[in-house]
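Enquirer: Pasting in a structure now, in structure tokens, and then I'll have a few things to ask.
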Amino acid sequence: MASLGGAEGAVQTSEAKARGTLLRGLLDQMPLLALALLMVFSALATERFLSPMNLNNILLQASVMAIIAIGMTFVIIAGGFDLSVGSVVAFAGCVAAWVMLETNVVVGMAAGVAAGAAIGLLNGLVVTRLKVSPFITTLGTMVMVRGLTLLITDGRPVVGEYGLPDSFLEIGRGAFLGVHYLVWLPLLLFAVFGWLLHATAYGRRVFATGGNREAAYLAGIQVDRVATSAYTWCGAMAGVAGVMLASRLQSGQPTAGEFYELTAIAAVVLGGASLKGGEGKLYKSMIGVLIMVVLANSLNLMNVHSYWQRVAIGVVIVLAAAADQLRARRK
């Protein structure tokens, strides 16, 4: 009897483990399931959603946000976050436009990306060396950079007397194999940074820094340097996004990038990254980006007022933060 009871207990334990594994698997794929359900709902709610023109528009809208989310994923996994990326997008786009009007396209684009990286480096140094909280640091640079952008442009678009160079504008309107250049670029960056984050020693240090900073330090990891590099990558990716957006808009827009920081953070958290650091996957951040973009696109197609669209996106941000807390409690 004892052996029979032990066998029954073992079977029950095995079944419980199987159910637990299944539940974890479902939870792990929740972002993808949410995106699929959202797309099905959108397709049923409006027939225009699946039109080639609208799907192309979704990809174009997602392309800029995807690049920002790549950098934000690094920062959040490393245990921080960055509220300044929207302002950096505007600043980098204006710097790139102004420099290329004075020199050439290549120098202008490099200047825009470098400007973003410099602001990211500044954020990282203030957080790690001066020990100012990421919230206060990046909130301050968000306001400072936006103000600086408005000052240097006098609040007007940077376009020049005869417009920006055609070779630069071609990036925003050209295509390869029927797919816009602006869609190819985030795919390339995703491949590179996905490898860097998930398949290299540096990526493991980023996870370790965000997961347990003290343990990582005791293990010999230069946690301040790793965290600073994550902020620098985030600024550089915002710079790339700013240059891309300037090409698409055919000018450097000082008001561009508003609310991009909140959308990027929400997308990364929707993808399963923890706001406490040490957890996240880059491909899931991309799924989070698509959720945010498809939601905004669907509301627009359904003629929902723009004010209500902001309310809906705000609700999604709160739900993403709540889901992050629930995941943390389960662990």
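The values are calculated or read from the model by the stated rules, or taken from the named source; none is laboratory data. Since the model is a prediction, treat every value here as computed from it, not as a measurement. All Cβ positions, glycine included, derive from the backbone under ideal geometry; neighbour counts span all protein chains shown.
Enquirer: If we keep just the residues of segment 230-257 that are among the β-branched types (Val, Ile, Thr) and within 30 Å of residue 280 (Cα to Cα), which is surrounded by the fewest Cβ atoms within 10 Å (Cβ to Cβ)?
Expert: Restricting to residues being among the β-branched types (Val, Ile, Thr) and within 30 Å of residue 280 (Cα to Cα), the top hit is 232.
Enquirer: Right, something else. Go through the residues of segment 62-85 one by one and say whether even a single one is at pLDDT below 90 and of a type in the set (Asp, Glu).
Expert: no
Enquirer: Sort through 190, 135 and tell me the only one that's part of a helix (DSSP H, G or I), surrounded by 14 or more Cβ atoms within 10 Å (Cβ to Cβ) and of a type outside the set (A, V, I, L, M).
Expert: 190
Enquirer: Oh, and also: Would you point out the residue of segment 205-233, among those that are at pLDDT 95 or above and basic (Lys, Arg), that is farthest from residue 88 (Cα to Cα)?
Expert: Checked segment 205-233; the qualifying residue farthest from residue 88 (Cα to Cα) is 205.
Enquirer: Something else about it: Among residues belonging to segment 258-306 that are of a type in the set (Phe, Trp, Tyr) and in a helix (DSSP H, G or I), point out the one that is surrounded by the most Cβ atoms within 10 Å (Cβ to Cβ). Spell out the reasoning first.
Expert: Keep residues of segment 258-306 that are of a type in the set (Phe, Trp, Tyr), which gives 259-260, 283.
Still in the list and also in a helix (DSSP H, G or I): 260, 283.
Details: 260: 24, 283: 14.
It comes out as 260.
Enquirer: Let me ask you something else. Given the options 229, 306, name the one that is out of contact with any Leu (no Cβ under 6 Å at 6 or more places or on another chain) and closer than 29 Å to residue 155 by Cβ.
Expert: 306
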